[in-house]
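To keep things clear, I will list the structure first and then write my remarks on it.
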Amino acid sequence: MKALLLSDIHSNAVALQAVLHHASVLGAFDEVWVAGDTVGYGPSPNECIDILREQSAIVVAGNHDLAAVGKIDVHAFNSYAAAAIRWTKEVLTPESTKYLNGLSTTVTYQDFTIVHGSPRDPVWEYLMEYEAAEANLEHFDTAHCVIGHSHLPLVFTLEEGKDPVVSLPMNADEVQLSGRAFVNPGSVGQPRDGNNMASYAVVDTVTDSVMFHRVEYDIAETQRRMKERELPQVLVDRIAMGR
């Protein structure tokens with residue numbers, strides 16, 4: 001079975017549609033798994049939620065998702081993110097609000113645990129160093145864990161008796177999931193690794209491998225929608241820089 005791994009879509013429907021089209025052309029997936037932050041920052045929260053519902057995606061809640069339904073105070077965010085969250089709360093449909101309210105922060109499925117931050121802190125921890133990855137091993141029981149939050153595509157593989165391996169995959173890179181592994185597919189809607197193309201990955205549960213992809217999308221269209229909705233200019237500029 002192959003699963004499309006997405007994270008940090010951040011209300012960027014243009015990027016999400018480009019990713020789904022790209023993956024469909026490759027014939028690359030049977031299911032969709034989303035590691036949180038479907039909404040926040042971007043201009044199309046309801047559309048992104050509708051798309052994921054159409055895909056019957058397995059989705060966990062991220063910090064922006066929780067804030068958009070009042071489960072986290074906006075004061076926990078910087079002023080730009082907070083402004084986008086307030087706008088998102090105003091425009092969410094009742095159906096979208098119900099959907100976000102129903103999301104868990106942790107899902108265990110097959111040999112994978114899916115969280116936004118980390119197993120020990122699903123909402124807030126940025127898992128970016130192998131020491132933190134090692135410390136998280138005792139907090140979940142599956143072989144592997146899908147994470148998001150940092151907006152950076154990466155893989156930690158930790159195998160008993162061997163040194164931990166940190167991979168920073170580029171487009172079309174394939175990583176073998178030996179031992180226990182953490183997989184971050186990067187961000188669909190707001191990449192932060194210096195590459196403004198939407199990021200996603202596909203995990204093959206038979207071969208225990210993950211293929212990473214980058215996809216061009218119409219950034220100008222997303223920016224136009226953000227300006228039309230009067231979202232902060234800093235956020236409008238950011239998606240073009242990939243930071």
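Legend: calculated FRET efficiency, Thr142 to Met170, from the Cβ-Cβ distance at R0 = 25 Å, rounded to 0.05, equals 0.40. Each Lys and Arg Cβ is given +1 and each Asp and Glu Cβ -1; about its Cα centre, the chain then shows a dipole of about 800 debye.
Count charges around Val74 for me, please; just the other residues with Cβ under 9 Å from its Cβ, Lys/Arg as +1, Asp/Glu as -1. The answer is +1. Between Glu228 and Arg86, the C-beta separation translates, for a Förster distance of 22 Å, into a calculated FRET efficiency of about 0.85.
Below 8 Å between Cα atoms, with a sequence gap of 6+, how large is the relative contact order for the stretch 2-75 in percent? The normalised contact order for the stretch 2-75 reaches 35 percent. Taking each pair of different alpha-carbon atoms in the stretch 2-241 once, compute 1/r for the pair, average those values, and report the inverse of that mean as the Kirkwood hydrodynamic radius in Å to one decimal. Kirkwood radius, the stretch 2-241: 17.5 Å.
Among the trypsin sites (Lys or Arg not before Pro) found in the stretch 133-224, those both in a DSSP coil and sparsely packed, with 10 or fewer other Cβ atoms within 10 Å of their Cβ, are Lys162. Using a cut-off of 25 Å between alpha-carbon atoms, which lysines can reach Lys89, once sequence neighbours fewer than 8 places away in the same chain are excluded? By straight Cα distance, Lys89 reaches Lys71, Lys98, Lys227.
Here each label is just a point 7 Å from Cα along the line to Cβ, and for His75 and Met1 those points are 4.4 nm apart. Rounded to the nearest 5, the antiparallel percentage of DSSP beta bridges internal to the chain is 70%. For the chain, modelled as a GNM whose springs connect Cα atoms under 10 angstrom apart, the maximal fluctuation among Val69, Val183, Val115 occurs at Val69.
Can you work out the PRE-style zone for Glu95? Point 7 Å along Cα to Cβ, and I want the residues of the stretch 41-57 with backbone N under 13 Å. Answer for the stretch 41-57: 46-55.
Over the chain, what is the mean sequence separation of C-alpha contacts under 8 Å (at least six apart), divided by residue count, expressed as relative contact order in percent? Reported as a whole number, the value is 23 percent. Comparing Cα centroids, the stretch 1-76 and the stretch 190-226 end up 12 angstrom apart. Here the label points at Thr108 and Arg53, each 7 Å from Cα along the C-beta direction, are separated by 2.9 nm in the simple model.
Considering the stretch 139-184, its Cα convex hull presents a mean projected area of 3.6 nm².
Could I have the simple spin-label model distance between Val25 and Glu216, label points 7 Å from Cα toward Cβ, reported in nm to one decimal? About 1.0 nm separates the two model spin labels.
Where a number appears in this text, it was derived from the coordinates with a stated rule and is not lab data. As the structure is a prediction and not an experimental result, all values here were calculated from the model. As a convention, Cβ positions derive from the backbone with ideal geometry for all residues, glycine included, and neighbour counts pool all protein chains shown.
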